[in-house]
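The values are calculated or read from the model by the stated rules, or taken from the named source; none is laboratory data. Fair warning: this is a prediction, and the values are worked out from it, not measured in the lab. Because the Cβ atoms are built from the backbone with ideal geometry, glycine has one as well, and the counts that use them run over all protein chains shown.
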C-alpha cells in the first residue's frame, strides 16, 4: 500500500514510518480502551450504576470510532493497522487495565487513568506532527478533544459519587 504521491508531499521533515508506528500505538490503545469500557459496562456494580453504564457505553462507541479513524489514516499513509489482539497489547502505549474492582468508584478510577493516558498520547502526537503532517494533526486534534471531554465526564461522575458516599458516611 502506498499513499498518493501528491498527498505524500504534504508531510515535511517527518518519516512516514514513524507516523505509522505512532498511530499504530494509538490504534492499539483505542481498541483496548473500547474493550475496557465495553466489559466494565457489563460488570460495574453500585450506586448510580445505570448512569455509569450509559457513560461507558458511549465512550466505548467513541473509542471504536477513533480506532476506525486512525486505521484509515494508517492506510492512507501506506501502512497496515495492527492485525491481532496480541500485537495491540504488545504495542499499546496505555495498556489494558484488567478490572479488579467492579464497584463504580474503582471502574471510574481506571477509566479516568485511561483517559489521562490517552490525553498524553495524543498531545505527544500533536507535537510530533505540528507543521509537518496537517492531516494527521487535524485527525488527532479531533480525537484529543473527545478524550478531554471523556475525562471531564468521568471525573464529574466520580466526584458526584464520592461526594454522595462522603455525605452518607457523615449521616451514619
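Scan 75, 67 and give me the residue that is crowded, with 20+ Cβ neighbours inside 10 Å, within 24 Å of residue 128 (Cβ to Cβ) and modelled with pLDDT of 95 or more.
Numbers: 75 fails: crowded, with 20+ Cβ neighbours inside 10 Å.
Of 75, 67, the one residue that is crowded, with 20+ Cβ neighbours inside 10 Å, within 24 Å of residue 128 (Cβ to Cβ) and modelled with pLDDT of 95 or more is 67.
List pairs: first in segment 129-142 and on the phi > 0 side of the Ramachandran plot and touching a residue at least 24 places away in the same chain (Cβ under 8 Å), second part of a helix (DSSP H, G or I) and surrounded by 13 or more Cβ atoms within 10 Å (Cβ to Cβ), Cβ under 9 Å, 6+ apart or cross-chain?
From segment 129-142, the pairs are 131/137.
I'd like the full set of residues that are farther than 21 Å from residue 124 by Cβ, out of contact with any helix residue (DSSP H, G or I) (no Cβ under 6 Å at 6 or more places or on another chain) and not in a helix (DSSP H, G or I), limited to segment 49-99.
Residues satisfying the conditions are 78, 80, 83, 84, 98.
Among the candidates 137, 158, which residue alone is within 23 Å of residue 20 (Cα to Cα) and touching a helix residue (DSSP H, G or I) at 6+ places or on another chain (Cβ under 9 Å)? Give the derivation first.
Values: 158 fails: within 23 Å of residue 20 (Cα to Cα).
After applying the criteria, what remains is 137.
I need a count of the residues in segment 121-161 that are surrounded by fewer than 13 Cβ atoms within 10 Å (Cβ to Cβ) and within 23 Å of residue 109 (Cα to Cα).
Summing the residues that are surrounded by fewer than 13 Cβ atoms within 10 Å (Cβ to Cβ) and within 23 Å of residue 109 (Cα to Cα) in segment 121-161 gives 4.
Consider only pairs whose beta carbons are under 7 Å apart and that are at least six residues apart or on different chains; among these, list those whose first residue lies in segment 72-88 and is on the phi > 0 side of the Ramachandran plot and whose second residue is in a loop (DSSP other than H, G, I, E, B).
Within 7 Å, the pairs are 78/1; 78/2; 78/3.
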